[in-house]
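Reviewing the structure listed below.
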Amino acid sequence: MSLEELETRVKKLSMRATDAKMNLHDLAEELPVDWEKIPETAERTFEIFKELSAARRQLKAAKKAAAEA
């Protein structure tokens, strides 16, 4: 994956992470309404942030490799 593609991926994941974070926040604010959705919403948020973290590490490594080349 090119550096540009990695940067685009990180940007998209960052937007998804922000949306997921807001969904979790909104759910928490509305408690006890829809409390049953907590595990599903939290898991989705966790997975997105996990993916974002991995993509950021990959981008950082790619930038370092490009700088050394």
Would you pick out the residues in segment 52-69 that are under 21 Å from Met22 (Cα atoms) and surrounded by 15 or more Cβ atoms within 10 Å (Cβ to Cβ)?
Leu52, Ala55, Arg56
Residue selected from segment 24-36 under the condition loosely packed, with under 15 Cβ neighbours inside 10 Å and under 18 Å from the mean Cα position of the chain (by Cα), by the criterion nearest to Gln58 (Cα to Cα)
His25
Say whether the condition of being within 19 Å of Met1 (Cβ to Cβ) and hydroxyl-bearing (Ser, Thr, Tyr) is met by at least one residue in segment 48-59.
yes
Tell me which of these Glu47 doesn't satisfy, since it passes every other one: (1) more than 18 Å from the chain's Cα centre (by Cα); (2) surrounded by 11 or more Cβ atoms within 10 Å (Cβ to Cβ); (3) at negative phi.
(1)
Any residue in segment 58-69 that is touching a residue at least 12 places away in the same chain (Cβ under 8 Å) and of a type in the set (A, V, I, L, M) sitting within a Cβ distance under 9 Å of a residue that is surrounded by 10 or more Cβ atoms within 10 Å (Cβ to Cβ) and outside any helix (DSSP H, G or I)? List the pairs, counting only those 6 or more apart or interchain.
Ala62/Met1
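Read-outs throughout are calculated quantities, based only on the coordinates presented, and are distinct from any laboratory measurement. No experiment lies behind these values; they were computed from the predicted model shown. No Cβ is skipped: glycine too gets one built from the backbone with ideal geometry, and neighbour counts run over all protein chains shown.
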